[in-house]
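*Asks:* Here it is, the structure, as structure tokens.
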Amino acid sequence: MSPPLVYKDKDKLKGMDLDVIVEFCKQNGIRHEFKAFPWKRALMNIKEGEADGIFTLFRTKEREEFLYYPSVPINTVKTVIWARKESGIKIRELNDLKSHSLGVIAGYKYGSQFDNLKELKKTFCDTKEQLIKMLNKQRFDLAADSEACFKFMCKKIGLEQSKFEIVYVLTQNPVYFAFSKSLGERGAVLAEKFSQFMKLLQENGALEQIRNHYYQPDNQAF
């Protein structure tokens, strides 16, 4: 689960990436059923042909052996440093972080450069909700989190996301909806169709509309 890309709400799967895939299936006359599995099991299912598609995942050489990847990703996971707007903090390079206190989630990985940086004054939080609330209460100067999840959680806990700003980007990586090679040529065709579908969503503004649904306070995403 990676809200708001995909997550569970009262045993129902939701998320912006799931909404995109549902629309793709509708437009192509594809009957669809979503099931959630532990990640290793999900990869095994797609590898053995027990599932036709999988999301949301990074692209690797190893996975290309059993997956058809579209040329266009379904989303981008951007891990960033957040600050309160009123703080006026500017971060131009990683070493600038050493001058500030920083909130992180215990056990999370944020990219090798950040994770291996010495002398950081870190406060470890148990949840993303706790992270955002502590940043808001000035318990630390900065917080590390994905851009999408931070915005989503602000909505969930009733905080104005506009109170915060991104002051540094740690990593930015595309993620994909990929198809099992057990489908044969049909899998390759579906990957190409999905690429064209994503381009159209981007061009006509529909993709932005789908994603905004999970950030706007007047929408019911829960």
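The values are calculated or read from the model by the stated rules, or taken from the named source; none is laboratory data. Since this is a predicted model, take the numbers as computed values, not measurements. Ideal geometry is used to build each Cβ from the backbone, glycine not excepted, and the neighbour counts take in all protein chains shown. Only protein heavy atoms, including side chains, enter the accessible area calculation; ligands, DNA and RNA are left aside. Shrake-Rupley method; radii C 1.70, N 1.55, O 1.52, S 1.80 Å.
*Asks:* Out of 109, 118, 122, 98, which single residue is out of contact with any Gly (no Cβ under 7 Å at 6 or more places or on another chain), without any contact (Cβ under 8 Å) to a residue 60 or more places away in the chain, under 20 Å from residue 172 (Cα atoms) and open to solvent by 30 Å² or more (accessible area, probe 1.4 Å)?
*Replies:* Details: 118 fails: under 20 Å from residue 172 (Cα atoms); 122 fails: under 20 Å from residue 172 (Cα atoms); 98 fails: under 20 Å from residue 172 (Cα atoms).
The match here is 109.
*Asks:* Condition first: assigned to a strand (DSSP E or B), open to solvent by 50 Å² or more (accessible area, probe 1.4 Å) and either modelled with pLDDT of 95 or more or of a type in the set (A, V, I, L, M) (or both). Now tell me which residues in region 39-89 satisfy that.
*Replies:* Taking region 39-89 and keeping what is assigned to a strand (DSSP E or B), we get 53-57, 67-68, 75-84.
Next, only the ones that are open to solvent by 50 Å² or more (accessible area, probe 1.4 Å) stay: 68, 76, 78.
Correct list: 68 only.
*Asks:* Is there a residue being free of Cβ contacts under 8 Å to residues at least 40 places away in the same chain, at positive phi and exposed (fewer than 15 other Cβ atoms within 10 Å of the Cβ) anywhere in region 17-32?
*Replies:* yes
*Asks:* Quick check, is residue 147 open to solvent by 30 Å² or more (accessible area, probe 1.4 Å) and closer than 30 Å to residue 50 by Cα? Quick ask: steps written out before the conclusion?
*Replies:* On the way: open to solvent by 30 Å² or more (accessible area, probe 1.4 Å): yes; closer than 30 Å to residue 50 by Cα: no.
Spelling it out, it is not the case that residue 147 is open to solvent by 30 Å² or more (accessible area, probe 1.4 Å) and closer than 30 Å to residue 50 by Cα.
*Asks:* OK, next. Test each condition in (1) surrounded by 14 or more Cβ atoms within 10 Å (Cβ to Cβ); (2) of a type outside the set (A, V, I, L, M, F, W, C); (3) under 26 Å from residue 94 (Cβ atoms) for residue 138 and report the one that comes out false.
*Replies:* The failed condition is (1).
*Asks:* For region 207-222, how many residues are open to solvent by 60 Å² or more (accessible area, probe 1.4 Å), at pLDDT 85 or above and hydrophobic (A, V, I, L, M, F, W, C)?
*Replies:* Start the filter on region 207-222 by keeping residues that are open to solvent by 60 Å² or more (accessible area, probe 1.4 Å), which leaves 208-209, 211, 213, 216-218, 220, 222.
Adding the requirement that they be at pLDDT 85 or above leaves 208-209, 211, 213.
Applying the additional criterion that residues be hydrophobic (A, V, I, L, M, F, W, C) yields none.
Number satisfying all stated conditions: 0.
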